[in-house]
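Data first, discussion second: the structure below is written as structure tokens.
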Amino acid sequence: MSTYVLVHGAWHTGAEFEPVAAPIRAAGHQVHTPTIKGNRPGDPKTTGLKAAIQSIADYLAENDLKDVILLGHSYGGMVITGVADLAPERIRRLVYWNAFVPNNGECLNDMVPPHYIGLFDAIAAERGDGSVVLPFPIWREAFINDADLETAQRAYDVLNPHPLATFTDRIALKTNPAEMPLAKSYINCTEDVAMPHSHPWHPRLSEKLGLFRLVQVPGSHELCFSDPARLAKAIMEAGRD
């Protein structure tokens, strides 16, 4: 039996990973689905990246979790990289699912196309509370293009405003991911166009891990909604040893 900790991406909470966790638990594993600080109900939308990372490091410590397979989705890649730098002794393997892979001093916005940065800045300025949301047309076409409209709308309705500071804060690492002496995997959903294929998740970001296991699976950036069982299988392949 393995222990998986699934760390969600921007606009999500851990609850959205529960349909993915169920098949992994059914296979005999322990699965945790925490919510990152900044995405919990009532959290201030001024939360920064350092506090977000610390919240997951604290979760591992408070639950005395060891030998963990720590997965991060999208923005969650920023978080798990920071957690691995803080508490490598608790982690067996890092798994990035269509996730950002930062080196020391990088922020998430360094790894996205310029049009996203402009969009997020404009939305945050309009909202005025430090948060950013995704317009539904972008969500539908770029993030969950493998689902029917009803599934896409139902998923969109559970998203929550996300702290923009976690996109602009620069991560402070003692060790870059490629030099971390931890096993690593990268799950790449091949129909994911949240990052355009001219500016891809894999290999552009995955290769920053150095030595890693690649698991490719059909699906969009939000496979957790469109086919959670398929994603669960990919996660277990990524974390199998």
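Among the residues of region 122-148, those identified as in contact (Cβ under 8 Å) with a residue 24 or more places away in the chain, of a type outside the set (A, V, I, L, M), surrounded by 14 or more Cβ atoms within 10 Å (Cβ to Cβ) and over 13 Å from Ala10 (Cβ atoms) are Arg127, Gly130, Asn145, Asp146. Here Ala122, Ala172, Ala152, Ala183 are screened, and the one residue that is of a type in the set (Gly, Ala, Ser) and out of contact with any Lys or Arg (no Cβ under 8 Å at 6 or more places or on another chain) is Ala122. Quick check on region 206-241: of everything there that is out of contact with any strand residue (DSSP E or B) (no Cβ under 8 Å at 6 or more places or on another chain) and not charged (D, E, K, R), which residue is surrounded by the most Cβ atoms within 10 Å (Cβ to Cβ)? The qualifying residue surrounded by the most Cβ atoms within 10 Å (Cβ to Cβ) is Ala232.
A single entry from Val215, Val193 fulfils the requirement of being farther than 16 Å from His8 by Cα, of a type in the set (A, V, I, L, M) and either touching a Leu at 6+ places or on another chain (Cβ under 9 Å) or not in a loop (DSSP other than H, G, I, E, B) (or both): Val215.
Could we say that Ala142 is small (Gly, Ala, Ser) and farther than 23 Å from Lys50 by Cα here? Here the answer is yes, as Ala142 does meet what is asked. Just to be sure before I move on: is Thr166 out of contact with any helix residue (DSSP H, G or I) (no Cβ under 6 Å at 6 or more places or on another chain) and at pLDDT 95 or above in the structure I sent? No: the conditions fail for Thr166. Within region 56-68, residues that are among the small types (Gly, Ala, Ser) have Cβ atoms under 8 Å from residues that are assigned to a loop (DSSP other than H, G, I, E, B) in these pairs: Ala57/Ala87; Ala61/Ala87, counting only partners at least 6 apart in sequence or on another chain.
Within the option set Asn98, Asn104, being among the polar types (S, T, N, Q), in contact with a His (Cβ under 6 Å, 6 or more places away or on another chain) and in contact (Cβ under 8 Å) with a residue 40 or more places away in the chain holds for one residue only, Asn98. Taking the stated definitions as given, is Glu16 over 16 Å from Ala172 (Cα atoms), within 13 Å of the chain's Cα centre (by Cα) and surrounded by fewer than 24 Cβ atoms within 10 Å (Cβ to Cβ)? So Glu16 passes the test.
The values are calculated or read from the model by the stated rules, or taken from the named source; none is laboratory data. Since this is a predicted model, take the numbers as computed values, not measurements. Neighbour counts are summed over all protein chains in view; Cβ atoms, including those assigned to glycine, are modelled from backbone coordinates with ideal geometry.
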